[in-house]
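What follows is a single structure, written as structure tokens, with notes after it.
The values are calculated or read from the model by the stated rules, or taken from the named source; none is laboratory data. In this text the structure is predicted, and so the values were computed from the model without any measurement. As a convention, Cβ positions derive from the backbone with ideal geometry for all residues, glycine included, and neighbour counts pool all protein chains shown. The area values use the complete protein model at the heavy-atom level, side chains included, leaving out ligands, DNA and RNA. Shrake-Rupley method; radii C 1.70, N 1.55, O 1.52, S 1.80 Å.
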Amino acid sequence: KGYHNPVTTADKAADSFLKHTLMKGRPEYGWLSEETVDSFERLNKRKVWIVDPLDGTTNFAHRYPFFCISIALEVDGELELGVVYDPMAMDLFSAQKHNGAHLNGKQISVSPERALSESLLSTGFPTDHQNILGNLRLFQDFMLASRAVRRNGSAALDLCYVAAGRLDGFWELSLHPWDVAAGALIVQEAGGTVSRFDGSFLQLRIPEIVASNEGIHDQMLHTIKNHLANP
């Protein structure tokens, strides 16, 4: 797709397998994935699968073991199901609306950390390098405000790490619905908070997200607000 945005045969093979399997069972649903998108009419179905068949393709292509498969089900514009599988760690994160979040069948919850200065955060950078500089400056602000920041290369897994308490917070720009749909629901069902940069309700078609354990969310938003006021 571009020099900094590779696509592998594994992306396409996984997409083909998932679409065949999921749509065979629910042919009346719509389909939205990174590799294939239904017609506009089918995307307006009440129920839509939102899939990233391989989130973290660059990691996968370089044998860096941080990538996953992400599957979400959206019903009437609301996330109802989310599943993220990390094949390297054999970690299966899952959530159902109003039914909690789980890792390999065991319930998980976000971390109890209340101080941004003691928090471990993560972020990602867009493959479109024209949009990198803004997040580099924000990365610097969060490095100064937190204990440390990681850049792992898979938004879906980063969100699951927030849900499991491995990370305290995550933010990113220039995302797509398939990057965040499953992970966002898993964070919410684990007791966390997800929003846009201004704190408003997260909309999947708007490419920005802040996710955290609820305790540091306002502090993260304050850091972002200060950055936007003084870019």
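Filtering segment 68-93 to residues that are open to solvent by 20 Å² or more (accessible area, probe 1.4 Å), at pLDDT 95 or above and either of a type in the set (S, T, N, Q) or outside any strand (DSSP E or B) (or both) leaves Pro87, Met88, Ala89, Met90.
Within segment 94-127, the set of residues being among the β-branched types (Val, Ile, Thr) and assigned to a strand (DSSP E or B) comprises Thr123 only. For segment 14-31, a residue qualifies if it is hydroxyl-bearing (Ser, Thr, Tyr) and not in a helix (DSSP H, G or I), and exactly one does: Tyr29.
Residue count for segment 119-163, restricted to those that are over 16 Å from the mean Cα position of the chain (by Cα) and either within 20 Å of Thr58 (Cβ to Cβ) or among the hydroxyl-bearing types (Ser, Thr, Tyr) (or both): 12. How many residues does segment 99-128 hold that are closer than 18 Å to Leu221 by Cα, loosely packed, with under 15 Cβ neighbours inside 10 Å and polar (S, T, N, Q)? Qualifying residue count for the region: 1. Taken over segment 32-67, the criterion of being without any contact (Cβ under 8 Å) to a residue 40 or more places away in the chain, in a strand (DSSP E or B) and surrounded by fewer than 22 Cβ atoms within 10 Å (Cβ to Cβ) is satisfied by Val37, Lys47. Candidates Ile186, Ile206, Ile216: the one that is touching a Phe, Trp or Tyr at 6+ places or on another chain (Cβ under 7 Å) and β-branched (Val, Ile, Thr) is Ile186.
Here Ala72 passes the criteria (1) farther than 22 Å from Phe201 by Cβ; (2) within 18 Å of the chain's Cα centre (by Cα); (3) of a type in the set (Gly, Ala, Ser) except the one numbered (1).
Quick one: how many residues across segment 164-187 are surrounded by fewer than 24 Cβ atoms within 10 Å (Cβ to Cβ) and more than 12 Å from the chain's Cα centre (by Cα)?
3
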